[in-house]
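Worksheet: the structure to be examined is printed underneath.
Derivation of every value follows stated rules applied to the coordinates shown; laboratory data play no part. Since we're looking at a predicted model, the values are computed, not measured. Cβ coordinates were reconstructed from backbone atoms using ideal geometry, including for glycine residues, and neighbour counts include every protein chain displayed.
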Amino acid sequence: MAYYLAADGGTESLRARVFDLTGTCLGQSAIPYDTRFSPGARAEQNPEDWWQALVKATRGAIAAAGVDASQVEAMAYATTSCTVVALDASGRALRPAIIWMDVRANAEADAVLATGDARLAINGAGRGPVSAEWMIPKALWLKRHEPQVYHAAHTICEYQDFLTLRLTGERCASLDNAGLRWHYSSREGGWARGILAGLGMEELESKWPARVVAPGQVVGTLTISAAAELGLPVSVKIVQGGADALIGLIGLGVAQPGQLALITGSSHLQFGVTDAPIHAPGVWGAYPDIVYPDRWIVEGGQTSTGSIINWLRRWTGGTMDLARMNELAAALPPGADGLIVQDHFQGNRTPYTDPLSRGAIVGLTLAHEPQHVFRAVMEGIGFGTRAILDAFRAGGYDSTEMTVGGGATASRLWMQIHADTSGMPVRIPESPDAPSVGSAVLAAHGAGRFASIDEGISAMVRRGTTIDPDPIAVAQYDEIYVRYRALYPALKGVLSPAG
């Protein structure tokens with residue numbers, strides 16, 4: 001027997017799982033770590049916490065699976081994207097990592113966009129955005145505000161690359177992260193040297209990992225020290241993964257042109273696979289080769305989704321029973337008796353790309369109860385997804401089914417609302433842990449068990465269930481959606497961005 005280790009390094013914890021070649025998870029373990037928040041929208045983590053979490057979770061998952069560690073053939077992992085770390089020559093962090101949600105680099109993002117480099121045309125048909133979350137703005141922030149760290153850094157990389165370095169000794173970046181958030185292009189000469197030159201930071205290229213490896217390709221094998229810490233043989237192949245949401249596409253089985261994925265959690269991400277590049281207003285990408293060879297990925301995103309549900313729970317003193325609230329909200333009609341929610345609680349990522357937009361609950365009366373707001377939040381998020389799909393369609397990308405993974409799949413009501421607001425069937429694969437399943441597919445492919453990622457998907461990803469839209473609800477939501485779309489321009493000049 002051969003087994004495959006998958007790790008999913010998220011915002012709050014790292015989860016390790018052991019899979020066989022059928023895609024069955026045999027054992028798992030999760031280890032939490034801390035995030036330190038500070039004024040100025042700053043959020044940082046200690047990279048050593050990631051490593052210790054990987055060690056403990058790997059040993060725990062193998063023990064839970066009851067397998068012989070010597071039979072582990074390969075390992076792949078998905079991590080948060082845009083989590084930037086500066087390392088010295090020995091691979092130790094010079095400061096805490098600036099994680100993905102940290103947006104201190106707003107001014108630096110504006111400086112990147114101001115270069116006007118042609119490489120920026122990949123997002124919004126050249127209208128941007130450049131996000132403060134991304135690699136180059138964060139690296140520029142280090143150069144401007146912590147020059148001693150920046151100049152001392154031998155390597156500036158991401159969470160993914162830090163694990164790769166610690167596991168294999170290789171300075172290696174994932175094509176997935178680099179193509180998605182570093183302005184790297186596998187089709188146009190690699191690194192975005194024009195942007196670096198425009199910012200006067202050409203030296204950053206030498207600090208980035210020299211190798212860029214696509215998902216599914218073997219980076220190397222375990223070092224003696226890493227193997228000893230993990231309790232694994234040195235023969236274990238380390239196979240390139242990437243950003244958790246993108247590797248989640250593989251775990252959802254979304255691989256062919258025209259297929260669409262919705263990744264849910266604290267935020268929503270929408271990804272479509274195409275066989276030709278698409279660049280349009282309100283659409284990010286298309287990014288070539290970042291998951292599958294010779295295919296492009298188009299992207300949309302909602303900044304606040306599951307986090308709004310969590311906000312509601314906090315707002316009600318943390319006593320909200322989600323199962324009961326789903327039951328009460330399901331008894332309400334579409335439209336929640338006149339309530340409409342604008343889901344921009346942390347700004348809008350797409351299609352407006354307006355970080356200063358804010359959330360709104362419109363139509364409140366004294367007759368409304370918590371379940372009305374709960375349902376209206378779900379509907380507002382569904383409308384936000386539909387607005388992104390409308391931008392996709394306007395840009396030339398369309399799909400007939402939406403495959404969903406992540407925490408929102410636990411709510412049948414929310415999945416039905418997504419089907420009804422979008423007007424398309426929603427498919428939920430058998431395993432909701434898409435980044436882990438995707439990593440397992442990559443590990444097995446890298447180990448030579450499958451000739452392609454597509455072949456691995458066929459063997460290891462099971463289709464699951466489908467929720468069809470209700471034609472009556474679809475018609476009702478079509479009318480409400482018109483009013484939802486009217487909210488953003490109507491409120492844009494009214495809502496204060498303060499706070």
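Summary of values
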{"quantity": "Computed Rg/Rh of segment 64-123, alpha carbon atoms with Kirkwood Rh", "calculated": "1.19"}
{"quantity": "The chain, dipole about Cα centre (Lys/Arg Cβ +1, Asp/Glu Cβ -1), debye to the nearest 20", "calculated": "640"}
{"quantity": "Antiparallel bridges, percent of DSSP beta bridges restricted to the chain (to nearest 5)", "calculated": "70"}
{"quantity": "Difference of contour (0.36 nm per residue) and Cα-Cα distance, Asp354 to Glu188", "calculated": "56.9 nm"}
{"quantity": "Value of Rg to Rh for the chain (Rh from inverse mean 1/r over Cα pairs, i.e. Kirkwood)", "calculated": "0.96"}
{"quantity": "Those lysines that a straight Cα-Cα span of less than 29 Å connects to Lys56, excepting residues fewer than 8 apart in one chain", "calculated": "Lys237"}
{"quantity": "Highest-first arrangement of 213-222, 167-176, where packing means the average Cβ count within 10 Å", "calculated": "167-176, 213-222"}
{"quantity": "Karplus 3J(HN,Hα) series, Hz, for segment 303-319 with 6.51 cos²θ - 1.76 cosθ + 1.60 (x for Gly, Pro)", "calculated": "5, 10, 9, x, 5, 6, 4, 5, 4, 4, 5, 5, 5, 9, x, x, 9"}
{"quantity": "Largest-first principal axis extents, alpha carbons of segment 222-339, Å", "calculated": "59, 43, 21"}
{"quantity": "Segment 3-245 - Rg over Rh from alpha carbon coordinates, Kirkwood radius", "calculated": "0.98"}
{"quantity": "Extension gain, Asp390 back to Leu322 (0.36 nm per residue minus Cα-Cα distance, nm)", "calculated": "21.4 nm"}
{"quantity": "Förster radius 51 Å - calculated FRET efficiency between Asp468 and Thr35, Cβ distance, rounded to 0.05", "calculated": "0.85"}
{"quantity": "Segment Ala276-Asp110, extension gain: residue separation times 0.36 nm, minus the distance between their alpha carbons", "calculated": "56.8 nm"}
{"quantity": "At 1.002 mPa s and 20 °C, Stokes D of segment 193-233 from Kirkwood alpha-carbon radius, µm² per second", "calculated": "161"}
{"quantity": "Globularity index of segment 295-432, i.e. its alpha-carbon radius of gyration over 2.2 N^0.38 Å", "calculated": "1.06"}
{"quantity": "Residue order, fewest to most beta carbons within 10 Å, for Phe37, Phe345", "calculated": "Phe37, Phe345"}
{"quantity": "Peptides 470-481, 373-384, 391-402, 129-140 ordered by average Cβ neighbours within 10 Å, highest first", "calculated": "373-384, 129-140, 391-402, 470-481"}
{"quantity": "Part-to-part distance (alpha-carbon centres) for segment 72-128 and segment 247-325, which is given in Å", "calculated": "19"}
{"quantity": "Amide hydrogen neighbours beyond the local backbone of Asn348, cut-off 5 Å, H modeled", "calculated": "Asp354, Leu356, Ser357"}
{"quantity": "Residues whose placed amide H lies under 5 Å from that of Gly27, excluding near-sequence neighbours", "calculated": "Val18"}
{"quantity": "Those lysines that a straight Cα-Cα span of less than 25 Å connects to Lys138, excepting residues fewer than 8 apart in one chain", "calculated": "Lys207"}
{"quantity": "In order through segment 438-449: 3J(HN,Hα) via Karplus (6.51 cos²θ - 1.76 cosθ + 1.60), integer Hz, x for Gly, Pro", "calculated": "x, 5, 5, 4, 4, 4, 5, 5, x, 7, x, 6"}
{"quantity": "Rounded to whole Hz, the Karplus (6.51, -1.76, 1.60) HN-Hα couplings of segment 187-193, x for glycine and proline", "calculated": "9, 10, x, x, 5, 7, 5"}
